[in-house]
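**Q** So that we are looking at the same thing, I have put the structure below in structure tokens.
Only the coordinates and a few stated rules stand behind these numbers; no lab work does. None of these values were measured; they are calculated from a predicted model. FYI the Cβ positions are ideal-geometry reconstructions off the backbone, even for glycines, and counts take in every protein chain you see.
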Amino acid sequence: MKFAARFIFLGLVLITHQSFGEIKLPRLISNGMVLQQNTHIKVWGWAKKGEAITLQFNNQVYNTTANTNGKWLILLPTPKAGGPYEMDISGENYLKIKDILIGEVWVCSGQSNMVLPMERVKEKYADIIAKTNNPLIRHFFIPTLYNFYKPLDDLPAGKWEAATPENILRFTATGYFFAKDLFEKYHVPIGLINASVGGTPVESWISEEGLKPFPKYMSIVEQMKDSSYIGQVRKKEAATSSQWYAKLRKNDLGMNGPKKWFEIDYDASVWKTMIIPDFWENAGLKSTNGVVWFRKEIEVPESMTGKTAKLFLGRIVDSDSVYVNGKFVGTIGYQYPPRRYEIPKDLLKPGKNIMVVRIINVSGSGGFIKDKPYEIKVGDETIDLKGTWQYKLGAASEPLPAPTFFQYKPLGLYNSMISPLINYTIKGVIWYQGEANVPYPGDYHPLFSTMIQDWRQKWNQGNFPFLYVQLANFLKSKPQPSESLWAELREAQLQTLDVPATGMAVITDIGEWNDIHPLNKEDVGKRLALAAEKVAYQDKNVVFSGPTYQSMKIKKNRIILSFSNIGSGLMAKGGSELKHFAIAGADKKFVWAKAEITDNKVEVWNDTVPNPVVVRYAWADNPDSANLYNQEGLPASPFRTDSK
């Protein structure tokens with residue numbers, strides 16, 4: 001197993017260092033680190049049993065001795081923000097740590113929307129990226145690793161990197177915009193520790209002690225502790241996947257005929273056509289998984305040739321390989337990343353050019369996602385690729401069974417990616433997660449609130465600030481009020497504000513209906529920073545949240561709603577009437593309601609509901625028309641007055 005090899009290697013390294021009496025430090029304590037200001041921090045490591053350790057920092061000397069397990073720890077005070085400093089540690093060997101900054105340290109955790117790096121938003125924020133050169137904002141990325149057997153005490157890899165042109169594209173985008181706003185406000189160094197993994201549910205980040213009140217999840221933990229079970233599943237699934245792709249390649253007519261279908265002189269005159277972007281099932285290939293080929297002839301002006309071109313193919317389900325004039329230009333192996341390729345400067349020709357896309361779809365609907373960019377760009381010139389394409393089935397296949405993602409299982413990520421951090425003093429945590437828990441929202445509030453308390457207990461720093469992002473709007477909007485698992489998950493996140501020292505950023509106004517990874521990470525970071533100003537930095541004047549539902553009263557055929565966090569007052573964004581309020585009587589049959597702001601309260605009614613009992617606001621997967629804000633421009637959280 002890949003993980004087992006990593007773990008064994010780490011153990012051998014520790015044993016080797018201790019056997020020869022060499023001091024070893026955890027990955028986090030290294031050149032370029034940011035230490036939390038104005039507190040006492042821990043510096044720790046490993047050495048030979050009984051080895052005397054001397055540490056020099058900020059003109060002070062500290063001494064300790066490695067215990068019987070070869071572990072040592074020194075507690076030392078940190079000054080106010082500043083630097084750079086150096087730290088000298090000596091025993092039977094000598095280590096120097098350079099370029100240390102003192103400032104604010106934040107852990108950035110969650111799933112893919114926290115993982116999402118600046119590289120993925122480089123087109124949207126090209127100007128910001130071009131101007132980024134701030135060595136006082138730093139980022140430590142932790143690679144994905146899981147362990148079900150024990151909490152680890154170190155990381156397998158990682159280093160501190162400054163926000164410079166060479167490094168910025170590797171930063172978490174949400175974390176960077178959060179840090180950027182804090183730096184502009186407080187002018188102190190900011191350190192980001194990025195412990196996030198795409199697709200992960202909240203339970204994968206909870207310790208074994210934290211999971212004990214949840215028998216359903218503990219039973220999974222016990223199963224995961226059987227390394228032979230994991231090995232067998234991995235082996236079986238790898239064989240299934242290998243056989244599926246080999247059979248698909250063997251049967252793909254586009255790769256096995258006298259001429260391959262991506263070749264420029266291949267005759268595709270008999271191929272059918274469809275409008276792109278769309279799923280191919282809408283063009284007649286119903287319930288078809290496997291390989292489908294797409295081909296388009298485009299006219300390229302001479303002014304766009306002889307230069308490197310940028311090719312944008314939106315998003316594709318699931319994987320694609322792209323050819324221009326018979327030459328391969330790129331591939332992406334799963335559905336979520338935006339398709340952005342470079343066409344070499346000598347590939348496009350004046351006049352007729354042929355573009356071919358080979359798509360493999362493993363399950364569900366395959367094709368091109370709508371409302372994304374499909375174009376070739378050279379400077380200010382653009383060729384629109386939307387419209388009519390030819391297509392042909394290369395090979396049909398049964399769906400490929402979904403693999404088991406062991407990193408999604410309870411406990412594994414806590415043990416390997418959070419446990420190694422808990423000696424490192426932090427200011428707080430920012431968290432962007434929840435999408436993976438949408439199928440079972442009823443579990444989320446107890447799990448999430450337990451995780452926050454669990455981490456605080458492990459860090460032993462009291463109720464450090466824990467700031468999180470409520471789920472964005474996503475999927476197609478619906479014309480009538482309806483039930484929604486996404487809304488229920490948002491409600492569970494709203495309820496988690498009952499945990500002390502928490503803050504929530506509402507982003508139901510900046511999502512994308514067709515993308516679970518919305519590109520607007522700047523506003524996410526800004527709203528988290530506003531929450532930090534209030535919760536972490538005790539700014540009593542900052543308006544850090546949009547309106548939050550507090551209470552209701554019934555007055556004849558109207559329900560009057562009261563809110564906290566109204567700032568300078570409530571408003572309907574855009575100056576129009578309030579939208580996305582629904583009302584119902586005792587029968588719970590919801591209809592759209594009229595709503596108006598009166599004395600910073602909201603009155604809701606529908607003349608067909610004479611005896612209303614309940615109101616819902618923005619209660620949908622994608623409440624894209626919801627427009628209740630405060631005057632500071634922050635949106636109200638979705639809610640229902642009959643919250644369970």
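**Q** What whole-number distance in Å separates the alpha-carbon centres of region 347-365 and region 150-202?
**A** 36
**Q** Separate question: Distance cut-off 31 Å, Cα to Cα: go down the list K159/K327; K250/K286; K377/K478; K386/K589; K48/K409 and report the pairs above it.
**A** K159/K327; K377/K478; K386/K589; K48/K409
**Q** Another question about this same structure. Give the residue from F406, N31, N353 lying farthest towards the positive end of the charge dipole for the chain; charges sit on Cβ (+1 for Lys and Arg, -1 for Asp and Glu) and the dipole is referred to the Cα centre.
**A** Most positive-ward Cα: F406.
**Q** Further, regarding this structure: Pull out the extension gain between W592 and S625, defined as 0.36 nm times the separation in residues minus the alpha carbon to alpha carbon distance; nm, one decimal.
**A** Length difference between fully extended and current span is 10.6 nm.
**Q** May I ask for the percentage of alpha-carbon pairs in region 262-397 that lie more than 21 Å from each other?
**A** 37
**Q** Order these by the 10 Å Cβ neighbour count, fewest first: T200, T382, T425, T608.
**A** The fewest-first ordering by Cβ neighbours comes to T608, T382, T425, T200.
**Q** Quick one: check the C-alpha center-to-center distance for region 264-305 versus region 456-489, whole angstrom.
**A** When both Cα centres are located, 39 Å separates them.
**Q** How high is the relative contact order of region 548-640, in percent, counting Cα pairs under 8 Å that sit 6 or more residues apart?
**A** For region 548-640, the relative contact order is 34 percent.
**Q** Further question on the same structure: Can you give the calculated 222 nm mean residue ellipticity of the chain, where each DSSP H run of n ≥ 4 adds -39,500 (n - 2.57) and the sum is split over every residue, rounded to the nearest 500 deg cm²/dmol?
**A** So the calculated ellipticity at 222 nm is -6000 deg cm²/dmol.
**Q** Quick check: from the Cα gyration tensor, does the chain come out rounded (a/c under 1.5), prolate or oblate?
**A** It is oblate, given that a/c is not under 1.5 and a/b is not larger than b/c.
**Q** Still on this model: Do any of K296/K392; K370/K526; K259/K392 go past 21 Å between their Cα atoms, and which?
**A** Cα-Cα > 21 Å for K370/K526; rest within.
**Q** May I pose another question? If the reach is capped at under 16 angstrom between alpha carbons, list the aspartates and glutamates near K49, excluding any in the same chain fewer than eight residues apart.
**A** Here the aspartates and glutamates satisfying the reach criterion relative to K49 are E22, E92.
**Q** Next question, about the same structure. On full extension of the chain, what length is gained from A130 through K573, given 0.36 nm per residue of separation minus the C-alpha to C-alpha distance?
**A** Length gained, A130 through K573: 156.2 nm.
**Q** Loop only per DSSP, at most 16 neighbouring Cβ atoms within 10 Å: give me the GluC sites (Glu not before Pro) in region 153-219, ordered by residue number.
**A** E166
**Q** Using 30 Å as the Cα-Cα cut-off, could you pick out the over-long pairs in K180/K579; K427/K644; K80/K458?
**A** Violating the 30 Å limit, Cα to Cα: K180/K579; K427/K644.
**Q** Follow-up. Quick one: what are the phi-derived ³J(HN,Hα) couplings along region 568-584, Karplus 6.51/-1.76/1.60 with θ = phi - 60°, whole Hz, x for glycine and proline?
**A** Here the 3J(HN,Hα) series is 7, x, 7, 8, 9, 4, x, x, 8, 6, 5, 10, 6, 9, 10, 9, 8 Hz.
**Q** Give me the aspartates and glutamates in straight-line cross-link reach of K345: C-alpha distance below 14 Å, same-chain residues under 8 apart excluded.
**A** Reachable aspartates and glutamates: E302.
**Q** Here's something else I'd like to know. In which sequence would T144, T388, T548 go, from the one with the fewest C-beta neighbours within 10 Å to the one with the most?
**A** Placing the least packed residue first, the sequence is T388, T144, T548.
**Q** Further question on the same structure: Span-like helices, the chain: DSSP H, alpha-carbon axial extent 18 Å or more, mean Kyte-Doolittle 0.5 or greater, which ones?
**A** Qualifying helices: 2-19.
**Q** What's the extension gain from W513 to S241 if we count 0.36 nm per residue and subtract their Cα-Cα distance?
**A** Gain on extension, W513 to S241, equals 94.8 nm.
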